[in-house]
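Here, each number is a calculation from the coordinates, and none is a lab measurement. Everything numeric here is computed off the predicted structure, so don't read it as measured data. As a convention, Cβ positions derive from the backbone with ideal geometry for all residues, glycine included, and neighbour counts pool all protein chains shown.
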Amino acid sequence: MTFSEKFDWLMGLTGTPNSLLARVIEQDPSYISRLRHGKRGIPKHADFLEGAAAFFVEQCTTEYRKKALLEMAGEHDPAAFDAPEQLARKLARWLMAEIPDRPDPVGLLLNDMSGMSGKKMPAKQPSRTAQGDMLVFYGEEGRRQAAAALLALALQQDGPATLMLYSDESKDWQHEVSPFSYEWAGALWQIILRGGRIRVIHKISQDLDEMLGVVRLWLPFYASGAVEPYYYPKLRDGVYKRTLSVVAGVGAAFSTSIGQQSGGVPTFLTTERMAVDSFTNEFTSYLSLCCPLVHIHAQGTPRYAQALQDYVGRGASSILQTDCLPLVTAPEDMLEALYARTPAAEREPFRRFCGEYRQRAAQHVNEHDLFHLLRLESPESIRGGKVLFSCLNLPAGTPPLAYTPRWYAEHLRNTLQMLEDCAKYHICILREEPAGYTVRAFEGGEVFILRESPANILFRVTESTMASAFWDFLVHKRDSMARTNRRQTATAIRELLEQFEIPE
């Protein structure tokens with residue numbers, strides 16, 4: 001691998017935009033782009049690479065990312081992440097060294113399959129039909145082989161691939177943690193990074209844990225904006241089950257089973273064009289009967305702005321969990337400081353958004369109960385400049401704004417004033433580590449989950465079973481907390497204000 005290939009791979013693995021890394025290592029985004037695309041060789045003065053390597057190590061927070069980084073860098077000890085500085089230095093050395101290409105395990109699997117003859121094979125091993133355009137696999141291991149082969153075919157295409165997935169059969173073979181699960185996830189990421197699209201129809205299960213587990217597995221892929229999740233809204237009898245995976249114009253894998261049948265079920269893989277087109281039409285026809293499972297809105301799109309309006313103004317009681325104080329009570333001079341940092345072209349639209357949002361939020365909390373599960377910051381964190389002001393729609397390119405003790409105290413005091421003035425606003429003080437997301441569930445309605453990143457992503461859950469599950473979760477969390485009345489909550493906030501040594 002060349003330097004640019006390794007550098008681009010790390011950027012893709014960690015989902016890092018050029019602009020974000022440029023800010024971290026104090027370089028120009030265009031320079032980062034040239035490094036990624038091989039238009040610049042290994043830098044002669046590459047001290048900044050250690051900073052970049054440290055950033056990449058820090059971004060590897062999931063097991064898949066950690067395992068992939070360790071394998072690529074030639075490190076075999078998972079405990080290496082316990083010494084991040086040492087690991088970063090090793091990663092920087094790996095970046096600087098030109099090494100030969102490593103074989104792709106998915107590609108190796110496909111090569112093994114392509115060399116198979118048409119003779120009879122043992123059970124659970126792939127066999128090929130006489131026509132040469134169909135492979136047959138058996139059992140759960142066969143499902144893995146078929147999936148790996150289909151994804152490898154997708155990655156062999158010159159352009160972006162369109163992947164269509166549906167299954168109401170058991171997916172234990174896919175979801176259990178194993179080397180295959182890492183390879184499967186890595187192949188999906190490669191498809192996404194190459195501009196591909198994935199449409200997946202999820203099974204809505206009566207087993208809520210199973211359904212949420214599937215969504216949790218897919219959540220990182222949802223965040224890419226390249227995955228469209230759907231579900232079939234009507235009941236099915238669960239007798240005749242089917243799995244269908246299609247790479248448009250390339251290949252299709254499919255299987256069928258009855259009830260709880262699992263062992264020995266054959267999975268077929270075909271690359272015959274008419275068959276692939278037929279399966280594509282089958283998937284598209286079924287998709288037309290489905291509904292979006294999770295609406296995914298990226299910041300900067302019209303649907304994101306509309307979703308934020310619904311997020312703040314739906315006509316129902318709600319429970320809100322945040323790591324930060326509400327925008328509606330933010331001090332005016334702090335907002336003005338934030339506006340001044342905003343790129344000139346975005347300043348007035350952003351100012352207008354904040355004004356409309358604050359007005360709608362104030363109106364809503366006067367009409368509907370809002371239970372706010374709120375985490376408060378310590379004076380030490382504020383004085384250290386470690387706490388950034390959080391905003392739902394901060395324009396790209398706006399430098400982050402850290403709280404000063406005066407700003408945070410004033411923001412907290414305004415929130416206390418709203419608690420005392422508004423009978424429908426309730427605060428439950430969270431005493432836990434930051435969650436890293438904002439979630440708001442409306443009674444009998446939708447759920448909004450905001451994940452802050454270089455560009456915010458808003459997940460909007462409309463499927464009733466999932467929405468009810470989120471609502472029940474937040475109700476249980478609210479009710480299991482130490483119950484305090486409004487006066488006790490107000491007293492706790494005043495005691496925190498006193499620690500800032502700023503008189504009320």
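What order do you get for Thr256, Thr415 when you list them from fewest to most C-beta neighbours inside 10 Å?
On the way: Thr256 15, Thr415 21.
Placing the least packed residue first, the sequence is Thr256, Thr415.
Restricting the GluC sites (Glu not before Pro) of the range 410-451 to loop positions (DSSP other than H, G, I, E, B) with no more than 11 neighbouring Cβ atoms within 10 Å leaves Glu432. Counting DSSP beta bridges with both partners in the range 296-499, what percentage is antiparallel, nearest 5? Percent antiparallel among DSSP bridges in the range 296-499 is about 60.
The alpha carbon convex hull volume per residue for the range 47-99 rounds to 65 Å³.
Gap in Å between the Cα centre of the range 7-37 and the Cα centre of the range 369-404? Centre-to-centre distance over Cα atoms comes out at 26 Å. Working note: Cα atoms of the range 3-96, range along each principal axis, descending, whole Å: 35, 23, 20. Subtracting the Cα-Cα distance of Gln359 and His37 from their residue separation scaled by 0.36 nm leaves 111.3 nm.
What length, rounded to one decimal in nm, is gained on full extension from Glu367 through to Thr284, with 0.36 nm per residue of separation minus their alpha-carbon distance?
Working: separation 83, 0.36 × 83 = 29.88 nm, distance 4.35 nm.
This chain segment gains 25.5 nm when fully extended.
Distance distribution P(r), the range 296-499, all Cα-Cα pairs, bin width 5 angstrom from 0: 1, 7, 15, 20, 22, 18, 11, 5, 1, 0 percent.
By the beta-carbon count within 10 Å of each Cβ, the least crowded to most crowded order of Asp479, Asp168, fewest first, is Asp479, Asp168.
What does the charge count near Ile449 come to, summing +1 for each Lys or Arg and -1 for each Asp or Glu among other residues with Cβ under 10 Å from its Cβ? Could the numbers behind the result be given before it?
Values: positive: Arg440, Arg451, Arg460; negative: none.
Overall, the nearby charge balance is +3.
Both radii come from the Cα set of the range 189-335: Rg as radius of gyration, Rh as Kirkwood radius; their ratio Rg/Rh reads 1.07.
Taking the number of Cβ atoms within 10 Å of each Cβ as an exposure proxy, the fewest-first ranking of Cys291, Cys428 is Cys291, Cys428.
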